[in-house]
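Asker: Quick one: structure below, then a few questions.
The values are calculated or read from the model by the stated rules, or taken from the named source; none is laboratory data. Note that the coordinates shown come from a computational prediction; the quantities given were computed from them, not determined experimentally. Neighbour counts are summed over all protein chains in view; Cβ atoms, including those assigned to glycine, are modelled from backbone coordinates with ideal geometry. The accessibility values were calculated without ligands, DNA or RNA, using every heavy atom of the protein model including side chains. Shrake-Rupley method; radii C 1.70, N 1.55, O 1.52, S 1.80 Å.
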Amino acid sequence: MPTIDRHLFVIFGATGDLTRRKLIPALYHVMQQDEGASNCYILGVARSDWSDDRFRSEAQEALQQHFETDALDQWCDDHLFYQSIGPESDRYGDLKDRIHTLEEAHALPGNRVFYLSLPPPTYGPTTEALGKEGLNNSDGWTRLVIEKPFGHDLDSAQELNALVHQHFDEAQVYRIDHYLGKETVQNLLAFRFGNALFEAVWNRDRIEQVEITVAESLGVAGRAGYYDDAGHLRDMVQNHLTQLFTLVAMEPPATFDADAIRDEKVKVLRATRPLDPARALLGQYTAGTHAGDEVRGYQEEEGVPEGSSTETFAQLPVYIDNWRWQGVPFILRSGKRLPQKLTQIAVRFECAPVSLFENAGAEAPSCSVSQNELIITLQPNEGFDLRFEVKQPGESMQLQTQKLSFRYEEAFGPVPDAYETLIRDIVQGDQTLFVRSDEVEASWALYAPLLAAERTPAPYPAGAWGPKAVAAPSPT
Ligand code: BG6
């Protein structure tokens, strides 16, 4: 495993929720596990007038939620620093001085990460300010990390890419989609390209349909300001679901390096038909019962403007016009306030060509028995289930569906957090799990017709699988 170079990890938005919940615990864990990383330092940057001590005590509190050790305060004192870039100071000049001071004090070679954990409208100005201050290059390596959503639509993503490229090379840029850091999402690549078994059937001749479900039980609680403007298409579909879709549909890459993999993902997006607004089913949750509790509808959530028509659910059939997938529907669906948290890819295989058996449980009228299905569960209870037919014991030839199952945790123990994987890759300079500029634009292009159309989501009660006739995902 490559070791980690000594570096300074600069977090913009250091007083925010993501820093506390994800970044600090992930950085701590990475630094504990890697000898090289124990000599790395973190500089938190934000507008609030915090001191080093305040940043350290907030970080320590966050770490205590995850790790039980007495040494946390010492670690925070040794590794964490804070710089306010309030409007009254020479913002980036002060920051640059502080970076130099820290690098000198800790004999760092000038390797730097700038992690923008900021509100999306500030990605552009912050990147520009770093460039203008000469912080886009150093004696070591410099990497820029940008959280999702990257842009608001195709035009704004193109503008942001152009601005980023004025100051940083693409090889320095790490666009985050945290789903790519999930162990089980990466395992999709291992599953597809490490096993010869399924490759022969992974195409339009043998697969009838692929359904990708990302269901959340939570509502929009506390994030209405961002979410009402973004809506579910921008918050979940354009990024997380689209990433899962490309990993399932891509061709085998020529090699296992970042660009070869990302080239194949882009090819899928370019071969995919832009979404037809008439075929999209959008929804918005209303009040309902969820896990036994009465919960509010989206319109009654704090901060949601009256009469908002923002979608909180989407179900979209997507078609890829290429030799492998022509005619196979990929159903992407995702929503908030659904019955349970579940991320699942269900691959349904074609019926047997000739029906020799009768079975009342058959799912499609043309099939006399239930169809084989491969269910890849990405969270929770990560694993695979392959459903197939067996003969029920007894005289008559009655078939029953059974499954072969694999559960990740049973085999390997708890899976690491996505942010830990992503942070390790950033500091090791591996861009495989990050979204390239052409990829993010191709993905926005796909949803452009739908985002441009007037959207009137259908209501669905909290705790249902969506509006109207939306069926529950396949059981595992
Ligand atoms: C985020 C979205 O990117 O992903 C949230 O902004 C969503 O709205 C979250 O809740 C879901 O992530 P996970 O890892 O909990 O499935």
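Asker: Once phi is turned into θ = phi - 60°, what whole-Hz ³J(HN,Hα) does the Karplus curve with 6.51, -1.76 and 1.60 give for every residue of region 55-63, x standing for Gly and Pro?
Answerer: 4, 5, 6, 5, 5, 4, 4, 5, 5
Asker: Relative to the longest principal axis of the chain, what angle (0 to 90°, nearest 10) does the C-alpha long axis of helix 258-271 take?
Answerer: Relative to the chain, helix 258-271 is tipped by roughly 50 degrees.
Asker: What is the log10 of I(q)/I(0) for region 113-250, computed with the Debye formula using one identical point scatterer on each Cα and no solvent, at q = 0.13, 0.17, 0.21, 0.22 Å⁻¹?
Answerer: Debye output, listed in q order: -0.74, -1.04, -1.27, -1.33.
Asker: Determine the principal axes of the Cα atoms in region 176-232, then give the extent along each, sorted from largest to smallest and rounded to whole angstroms.
Answerer: Result for region 176-232: principal-axis Cα extents of 47, 25, 19 Å.
Asker: Sum -39500 (n - 2.57) across every DSSP H segment of at least 4 residues in the chain, then divide by the residue count to get the 222 nm mean residue ellipticity, nearest 500.
Answerer: Values: 14 runs with 148 residues, N = 476.
When only DSSP H runs of four or more count, the value is -9500 deg cm²/dmol.
Asker: Each residue of region 275-284 in order: what ³J(HN,Hα) in whole Hz does its phi give by Karplus 6.51 cos²θ - 1.76 cosθ + 1.60, θ = phi - 60°, with x for Gly and Pro?
Answerer: Per-residue couplings from phi come out as 4, 8, x, 5, 9, 8, 9, 10, x, 9 Hz.
Asker: Next up: Rounded to the nearest whole Å², what accessible area per residue is found for the chain with the 1.4 Å probe? Let's see the in-between values first.
Answerer: Numbers: 20910 Å² over 476 residues.
Using a 1.4 Å probe on heavy atoms only, each residue of the chain averages 44 Å².
Asker: Once R0 is set to 45 Å, what does the formula 1/(1 + (r/R0)^6) return for the Cβ-Cβ distance between Arg273 and Glu35, expressed as a FRET efficiency to the nearest 0.05?
Answerer: Numbers: r = 50 Å, r/R0 = 1.11.
Once rounded, the FRET efficiency stands at 0.35.
Asker: For all pairs of alpha-carbon atoms in region 112-170, what percent lies in each bin of width 10 Å, listed from the first bin to the last filled one?
Answerer: Percent of pairs per bin, in order: 23, 59, 17, 1.
Asker: Further question on the same structure: Helix 24-33 sits at what angle to the longest principal axis of the chain, using alpha carbons and giving 0 to 90 degrees rounded to 10?
Answerer: Approximately 90 degrees, to the nearest ten.
Asker: Where does region 421-476 land on Rg/Rh, using Cα atoms and the Kirkwood Rh?
Answerer: Numbers: Rg = 18.4 Å, Rh = 15.6 Å.
My calculation of the ratio gives 1.18.
Asker: Additional query: Any chance you could check the Cα centroid distance between region 431-458 and region 282-324 for me, in angstrom?
Answerer: A separation of 18 Å, based on Cα centres.
Asker: Just from the alpha-carbon atoms, what are the Rg and Dmax of the chain in angstroms?
Answerer: In Å, with Rg to one decimal and Dmax whole: 24.1, 85.
Asker: Would you pull out the residues with amide H under 5 Å of His152's amide H, same chain only if 5 or more places away, H placed 1.01 Å from N?
Answerer: Ala157
Asker: Which entries in the list Lys341/Lys403; Lys265/Lys468; Lys182/Lys468; Lys265/Lys341 go over 30 Å, if you measure between the two C-alpha atoms of each? Walk me through the intermediate numbers first.
Answerer: Values: Lys341/Lys403 22 Å; Lys265/Lys468 33 Å; Lys182/Lys468 32 Å; Lys265/Lys341 26 Å.
Pairs exceeding the cut-off: Lys265/Lys468; Lys182/Lys468.
Asker: Can you give the Rg and Dmax of region 269-412 based on its C-alpha atoms, in angstrom?
Answerer: Considering region 269-412 through its Cα atoms, Rg and Dmax are 20.1, 64 Å.
Asker: Hey, another quick one. Using a 1.4 angstrom probe with every protein chain in place, what is the largest-first accessible-area order of Asp73, Asp425?
Answerer: Numbers: Asp73 70, Asp425 20 Å².
The residues order as Asp73, Asp425, largest area first.
Asker: Another question, if that's okay. Can you give me the angle between helix 123-132 and the longest principal axis of the chain, using Cα atoms only, in degrees from 0 to 90, rounded to the nearest 10?
Answerer: 40
Asker: Still on this structure, I have one more. By what distance, in whole Å, do the Cα atoms of region 365-467 stretch along each of the three principal axes, largest value first?
Answerer: For region 365-467, the Cα spread along each principal axis is 61, 44, 29 Å.
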